[in-house]
1. When ligands, DNA and RNA are left out and all protein chains stay put, how many square angstrom of accessible area per residue does the chain have with a 1.4 Å probe?
2. Only one of the values [x] 119; [y] 86; [z] 108 was calculated from this structure for volume of the Cα convex hull per residue in Å³; name its label.
3. Got a number for carbon plus sulfur as a percent of the chain's accessible area, 1.4 Å probe?
4. Report the extension gain between Val18 and Thr47 in nm, rounded to one decimal, defined as 0.36 nm multiplied by the number of residues separating them, less their alpha carbon distance.
5. Divide by every residue of the chain the summed helix terms, -39500 (n - 2.57) for each DSSP H run of at least 4, and state the resulting mean residue ellipticity at 222 nm, rounded to the nearest 500 deg cm²/dmol.
6. Please turn the phi angles of region 31-40 into ³J(HN,Hα) values with the Karplus equation 6.51 cos²θ - 1.76 cosθ + 1.60 (θ = phi - 60°), one per residue in order, whole Hz, x for glycine and proline.
Amino acid sequence: MTPPGALARLAEATRGTVWEDDLFLVGGSVRNELLGLPAGDDVDLVTRHDALALARHLAPISDHFPVTY
């Protein structure tokens, strides 16, 4: 499972934005969930919209420095 509360915080932060229904959970947190392993301490996301704008939008609620590619 993802870090406690992370998905709820993401849902709240993106409500009413272009990202509301366009965030996809990927990476280690998905792998760990499928393998029954403990959650990591980060969340990896993909969007079809502007990822840099998303990172800027989420920065105030993030515990981590956003990395964009």
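1. Per residue, the chain has 72 Å² of solvent-accessible surface.
2. [y]
3. On the chain, the fraction of accessible area on carbon and sulfur atoms equals 60 percent.
4. On the way: separation 29, 0.36 × 29 = 10.44 nm, distance 0.98 nm.
Gain on stretching Val18 to Thr47: 9.5 nm.
5. Result for the chain: -10000 deg cm²/dmol, rounded to the nearest 500.
6. Couplings: 4, 4, 4, 5, 8, x, 8, x, 5, x Hz.
The values are calculated or read from the model by the stated rules, or taken from the named source; none is laboratory data. As the structure is a computational prediction, the values presented were derived from the model and not from experiment. Areas reflect the complete protein model, heavy atoms only, side chains present, ligands, DNA and RNA absent. Shrake-Rupley method; radii C 1.70, N 1.55, O 1.52, S 1.80 Å.
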